[in-house]
1. Being within 15 Å of the ligand (Cβ to nearest atom), β-branched (V, I, T) and free of Cβ contacts under 8 Å to residues at least 60 places away in the same chain is the requirement here; does T140 meet it?
2. Could you tell me which residue of the stretch 367-381 is nearest to the ligand (Cβ to nearest atom), considering only residues that are within 21 Å of D219 (Cβ to Cβ) and of a type in the set (A, V, I, L, M)?
3. I'd like the full set of residues that are within 11 Å of the ligand (Cβ to nearest atom) and either part of a strand (DSSP E or B) or touching a strand residue (DSSP E or B) at 6+ places or on another chain (Cβ under 6 Å) (or both), limited to the stretch 382-403.
4. If the requirement is being assigned to a loop (DSSP other than H, G, I, E, B) and on the phi > 0 side of the Ramachandran plot, which of these qualifies: F125, F105?
5. Any residue in the stretch 50-61 that is surrounded by 24 or more Cβ atoms within 10 Å (Cβ to Cβ), under 18 Å from K158 (Cβ atoms) and touching a residue at least 40 places away in the same chain (Cβ under 8 Å)?
6. Would you confirm, using the coordinates I've provided, whether Q31 is of a type outside the set (A, V, I, L, M, F, W, C) and more than 30 Å from K539 (Cβ to Cβ)?
7. Taking the conditions exactly as written (part of a strand (DSSP E or B), out of contact with any Leu (no Cβ under 7 Å at 6 or more places or on another chain) and either within 10 Å of the ligand (Cβ to nearest atom) or farther than 30 Å from G128 by Cα (or both)), does A33 satisfy them or not?
8. Return the residues of the stretch 422-434 that are in contact (Cβ under 8 Å) with a residue 40 or more places away in the chain and not in a loop (DSSP other than H, G, I, E, B); say none if nothing qualifies.
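What follows is calculated from the coordinates using simple rules that are stated; it is not laboratory data. Only a predicted model underlies this, so the values are computations on that prediction, with no experimental measurement involved. Glycine also receives a Cβ, built like all others from the backbone with ideal geometry; neighbour counts cover every protein chain displayed.
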Amino acid sequence: MIKIHQFEAIVVGGGGAGLYAALALSQAKVQTAVLSKLYPTRSHTGAAQGGIGAALANKEEDRPEWHMFDTVKGSDYLADQDAVEILCKEAVTTVYELEHLGLPFNRTQDGRIDQRRFGGHTKEFGKGPVQRACFAADRTGHMILQTLYQQCIKNEVKFFDEFHVVDLIIEEQICRGVIAYSIETGELHIFHAKAVLFATGGSGRMFKITSNAHALTGDGMAIALRNKIPLEDMEFFQFHPTGIYKMGILLTEACRGEGGILRNKNGERFMERYAPNIKDLAPRDIVSRCIYLEVRDGRGIDGKDYVHLDLTHLGKEVIEKKLPDITDFVRTYMGLDPVKDLIPIQPTAHYSMGGIPTNVNAEVVWDEKNSVLKGFYAAGECACVSVHGGNRLGTNSLVDILVFGRRAGLSMAEYCKKTEFSPLPSNPQTKIQAQIEQFKSKSNGEKISTLRQELQETMMDLVGVFRTEAGLKKAQEKVRELKKRFQNISLSDKSQVFNSELLDALELGNLITLSLVTIASALAREESRGAHYREDYPKRNDQNWLKHTLATLSEIGVELKYKNVVIKNFQPQERKY
Ligand SMILES: Cc1cc2nc3c(=O)[nH]c(=O)nc-3n(C[C@H](O)[C@H](O)[C@H](O)COP(=O)(O)OP(=O)(O)OC[C@H]3O[C@@H](n4cnc5c(N)ncnc54)[C@H](O)[C@@H]3O)c2cc1C
């Protein structure tokens, strides 16, 4: 017998977006459960290092309007400006709310929340860098997650930890719940709900070198896609400039915010040539491309594909007090000391700008006209509001997950109060059950790890920082082949209890699906914008491409449609830094 649970609201994901939504729901007295494949405080939000952007003006003059301008310019004008306005205005109230919930921010001398510089954040519409990132050392995300989790427990949110959600239940355009696999017992459970939120995080595990945790396999996005919901702007995937060489482990942008410098093999501060105004603090898409260009022109260190991050001039006290975690990483993983050594870095796959399309109330919208799918919500990295457009600025994801996580909770609460439960269809689990049995029944098939490695290498080499038509077509062919071979995988572990191999299989299926959509969207977009750089179309083309991609997946492959960008005060301009 399959277990059926009933809650008014189901939140899938215990990261910052999910927990803030759950907190808002519980405060509104809506019966809420959070399902998470990880123990909530292990969510990737806990790995966020550098900070959360909000124009508090604690260190110098700052305004939400300047934050809006930077976000839109950073996005290469693809962000929806109505959503950006909400993001930047509510950033301020959200940071104060977090402070009141108990978050231990770093402080200024006079006791206010301390702030530091971050890439692409400027004053007076681009005049020079501004101190806007609020932080708790380089453990900002960890503190956010702990604070919100404690508040959820206090408000009696019910948690189902280590429940891996495998499908949505949607009938007649109304979402009625989810199906989850209990990792502990191997049983499927049905969660019947009035409203479901996906806050399942990113999909960086598509790529070989990534800052993303192992669990970031884009499950929520892939499940939505399988349920005929399009994904928006999936061609835009951000590479963060400073990953530890070969490992991809992130060294926060706060390193450069505190004054760190990138140097090539001649010791030259090469960003001065590319972005004379804000130099090392240019947005990530630009800095990542510059690193690749330095390497291509023979200025990588020792002729290899990396450059140096130099923090040595910051002094021991700043390094150890304001960047303690990354100092530990460098000492532990590289045997180097940032106080006196240069650190080898290369760009690392970091953040998915694309995702499940939503409106500003986190309601999922499924077509070019932004029609709402009743009862289904998305927030955080798995969603696309879109506030990041073609490229996200550092510190803006933590703002996004909290502002729109909270808004999701509030709009779900309102919906739950005026809506009855829609009945469940009979046996909604049949399809996923058959899939799981198929995985378990095969022997001597393909190995999951082999397919995953081939996928990650293909995506890294051909769908990374630089792209071409020929490369994307080659990647498409390869990933289609992997999709076929995936039908033939077999598991060596056939057991019910803690079968992590089965989870790997489900996750690999999701990564393959998302890769196909990413490649098709990138192939179609014949221009360069934000993180999507086509060597064969190096210019931005607003006339043809100032629009969002909507990709759906059917039996015949990926289908693409487009929708308008919301433009308000900031007209597209050339993007110079
Ligand atoms: C190393 C690193 C440093 C970063 N630093 C910063 C920073 O300083 N500032 C900033 O703004 N941004 C930063 N980011 C980005 C930011 O941290 C993330 O985009 C953000 O935390 C995502 O939050 P989320 O709530 O959407 O998802 P996550 O925190 O990733 O949580 C996802 C949740 O979904 C659950 N889940 C996923 N799939 C399933 C499933 N199938 N079933 C059940 N549950 C599921 C997981 O268990 C998890 O609880 C950083 C990212 C990384 C990787």
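1. Details: within 15 Å of the ligand (Cβ to nearest atom): yes; β-branched (V, I, T): yes; free of Cβ contacts under 8 Å to residues at least 60 places away in the same chain: no.
Considered against the rule, which asks whether it is within 15 Å of the ligand (Cβ to nearest atom), β-branched (V, I, T) and free of Cβ contacts under 8 Å to residues at least 60 places away in the same chain, T140 comes out as no.
2. A379
3. C382, A383, R392, L393, G394, T395, N396, L398, V399
4. Of F125, F105, the one residue that is assigned to a loop (DSSP other than H, G, I, E, B) and on the phi > 0 side of the Ramachandran plot is F125.
5. No, every residue in the stretch 50-61 fails to be surrounded by 24 or more Cβ atoms within 10 Å (Cβ to Cβ), under 18 Å from K158 (Cβ atoms) and touching a residue at least 40 places away in the same chain (Cβ under 8 Å).
6. Numbers: of a type outside the set (A, V, I, L, M, F, W, C): yes; more than 30 Å from K539 (Cβ to Cβ): yes.
Yes, satisfied.
7. Values: part of a strand (DSSP E or B): yes; out of contact with any Leu (no Cβ under 7 Å at 6 or more places or on another chain): yes; either within 10 Å of the ligand (Cβ to nearest atom) or farther than 30 Å from G128 by Cα (or both): yes.
So A33 fits the description; yes.
8. Within the stretch 422-434, K431, I432, Q433 meet the criteria.
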